[in-house]
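*Asks:* Got a structure for you, questions after.
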Amino acid sequence: MAVIPAAFTGFNVFGQFGNKQASRVHDFTEFGFNECVINSSTLIAASWSYTAFAQENRLFVCGFLTDKPNASVNIIAPDKIKQIAAAEKFCLILLENGKIYKLLAKVEANLEEVKFAATNVAPPQKRTIFGAIKQQTVETFTHIACGSNINVAVSNTNGIYSIPSKIHEFPKHIKVKQLVCGFEHAMLLTNMGDIYAWGMGLRGQLGQELLQTEETPVLLEALAGIKIIHIAAGGWHSAAISAFGDLYTWGHNTNGQLGLRVFKPNGQKEPTVFPLPQIIDMPPCNTCSVKSSDDGQEGEQYTECIAVKVYAGARHTIVQMNCGTVYAAGWNVHGQLGLKKLNQMCDHFERVPFFATIPNQLNTPNIVCGPWCTVAIR
């Protein structure tokens, strides 16, 4: 198994990143990313107080567990782990066999299989052209996500669950590509490029004109007709990337996490909530017009630098470009933006210098945002 460098920046007071522990909140803020070493197949999910690492069927959780810092727990799952998601008090684990387990953020905790509420409606019997009854598909799960007050899952039969209850079912031709959660809302991206959102929307995080709660998935009509390729859900804000490389953000902007200025040039405060998606102009990237190959020869020419992926923490947003350049905006009290300067927030997208040090930016790193941290896996 290949061992590769990874790096994190942000809150580490409880030793949740293992190799270093900060004695004070700001110990790592001015230094940007700190390197650690993990296996290339490792899955990472971060809460504000602990981090979960999964590889094959092993789950390792470290940080603030059972009211103690620097604690850890090592668990063997009954099958290979496909996905993990970290909430404040527990971690969700999706296995390759389609079952979902929960692990409380406690040293003495064990895996508990999540039980789902039974539906009262029996599925209709389907028959072949010869009249034989078709075998019913056994429902398993394909996606999970969780936040402080919402836990969701998607099944192989297109069932949408607010764990443990089923709240919606999409037609067969719709496939879920991505599922994400904020503190109180959930979003999913379909194979058609459409976004559906539900949950609490009082801070504009659902992308709807009316600030209200939605009990079931609702199409984000403001972006309907625009093919979306990647989405992110922050604490109370959301973001999306279109197939054209355009970045859209909406929701709460108290710390500039939408990439929109908090104050006007005259000092007047801008709106705090943007309920409808705003298209964001990214800074020009002047260093990626020409790339070089490993042998020093001139490589591929880029005529346009566009956004391809977006990630979000509690109040910060990270954008990854097709050339490997990474930009950050939002809350930076714990250094979660990876900028080599100590400021409380950055209300515009600024280039993160750490990613310019990666020798081959064409091999863009995977990025994971916790509420108060950012992790890059190269």
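*Asks:* Let a ≥ b ≥ c be the square roots of the eigenvalues of the Cα gyration tensor of the stretch 195-288; is it rounded (a/c under 1.5), or, if not, prolate (a/b larger than b/c) or oblate?
*Replies:* It is oblate, given that a/c is not under 1.5 and a/b is not larger than b/c.
*Asks:* Which lysines, on any chain, are close to Lys115 with Cα under 28 Å apart, when same-chain ones fewer than 8 places away are left out?
*Replies:* Excluding near neighbours in sequence, the set is Lys80, Lys82, Lys89, Lys99, Lys102, Lys106, Lys126, Lys134, Lys166, Lys172, Lys175, Lys177.
*Asks:* Given labels modelled 7 Å from the Cα in the Cβ direction, how far is it in nm from Thr140 to Ala356?
*Replies:* Going by the 7 Å Cα→Cβ label model, 4.7 nm.
*Asks:* To continue, here is another question. Under a Cβ-Cβ cut-off of 15 Å, what is the net charge of the residues other than Ala222 that fall near it, where Lys and Arg count +1 and Asp and Glu count -1?
*Replies:* Net charge around Ala222: -4.
*Asks:* If r is the Cβ-Cβ distance from Lys80 to Gln268 and R0 is 56 Å, what FRET efficiency results, to the nearest 0.05?
*Replies:* E(calc), rounded to 0.05, equals 0.55.
*Asks:* Using label points projected 7 Å from each Cα along Cα→Cβ, tell me how many nm separate Lys175 and Glu215, to one decimal.
*Replies:* A separation of 3.2 nm, rounded to one decimal place.
*Asks:* Ranked highest first by the average count of other Cβ atoms within 10 Å around their residues, in what order do 306-316, 49-59 fall?
*Replies:* 306-316, 49-59
*Asks:* Tell me the label-point distance for the pair Met192, Glu56, using the 7 Å Cα-to-Cβ offset, in nm and rounded to one decimal.
*Replies:* Simple spin-label model gives 4.2 nm for this pair.
*Asks:* Looking at the stretch 170-279, which chymotrypsin sites (Phe, Trp or Tyr not before Pro) are in a loop (DSSP not H, G, I, E or B) and have at most 11 other Cβ atoms within 10 Å?
*Replies:* Hits after loop and neighbour filter: Phe244.
Each reported figure results from applying straightforward, stated rules to the coordinates on display, with no laboratory input. The model shown is predicted, which means the values in this text are computed figures rather than measured ones. Positions of Cβ are backbone-derived with ideal geometry, glycine not excepted, and every protein chain shown enters the neighbour counts.
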